[in-house]
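Enquirer: One structure coming up, written as structure tokens, with questions to follow.
What follows draws every value from the coordinates through simple rules; no lab data is involved. Note that the coordinates shown come from a computational prediction; the quantities given were computed from them, not determined experimentally. FYI the Cβ positions are ideal-geometry reconstructions off the backbone, even for glycines, and counts take in every protein chain you see.
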Amino acid sequence: MTCLFFFGFVTLLAFSPEPEVAIVIGMIMVPPGLFLFLLGITMTMQFVAVDGATNPPRVSFRLPKSGSAPLAPMMLNHRTMDADAISRVDVVLRPNSAAIGGCERLYHLRTNDGDYYFNSVWFPNWSLFDEFLVRQEIETRVGSPDAIMDTVDIANEKRSFLESEIRGCGRVMKWVLVFIAFTGLTVALFGNAGDRRGGLIAVAIATSALGVVPMIRNYRRLK
């Protein structure tokens with residue numbers, strides 16, 4: 001997504017006879033791309049690793065704290081601790097069309113160093129973590145948000161806020177791209193000969209970017 005935004009900005013700047021137009025378009029398109037790029041890096045940096053061969057068994061992870069929405073890498077916490085430092089794990093089940101089987105598992109790790117969480121959408125091998133919990137006899141509670149009330153704290157509220165913000169970004173992006181495509185098409189059809197090439201390039205870039213807008217508008221939206 002970010003590469004597409006930068007590609008559009010650089011292409012227009014290089015080929016448009018009016019580089020000021022490219023700068024305006026870049027100012028509109030690049031910030032959302034940077035936000036999504038930073039969010040993607042943050043998500044890919046998260047991990048959970050267990051080592052049952054050590055004595056005592058240990059758990060390593062880089063995760064956000066419960067109650068926070070990880071928007072940037074600095075909001076993640078890298079910890080390594082003994083398995084017995086985890087007092088309990090609460091698993092909240094929620095419907096999510098992006099999850100395997102349509103059900104997302106939100107893990108809250110209650111540790112001596114605070115509470116951390118991750119979800120099964122970003123960790124498809126969550127079953128290995130479940131097996132580790134069973135082997136180490138760590139207390140685990142599984143249920144719906146209503147069944148595990150004390151685990152559904154401000155993390156859910158902030159997560160919902162993050163989801164709505166990303167979807168809102170998608171809606172704004174859609175209309176901006178439609179405006180750019182319409183303006184470019186108008187220039188290509190009725191503008192001066194020197195401007196038509198830039199108009200066609202704008203149409204091509206805007207229509208290409210529109211292809212990924214539905215993924216942003218439907219971010220974690222239930223079908």
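Enquirer: Please give the contour-minus-distance gain from residue 100 to residue 77: 0.36 nm per residue of separation, less the Cα-Cα distance, rounded to one decimal in nm.
Expert: 5.6 nm
Enquirer: Would you mind putting 197-209, 66-78, 84-96 in packing order, based on average other-beta-carbon counts within 10 Å, highest first?
Expert: 197-209, 84-96, 66-78
Enquirer: What fraction of the Cα pairs in segment 49-152, stated in percent, has a spacing above 18 angstrom?
Expert: Considering segment 49-152, 48 percent of its Cα-Cα pairs are separated by more than 18 Å.
Enquirer: Further, regarding this structure: 5 Å is the cut-off here: which amide hydrogens, built 1.01 Å from N in the peptide plane, fall below it relative to residue 88, excluding neighbours closer than 5 in sequence?
Expert: Result for residue 88 returns 110.
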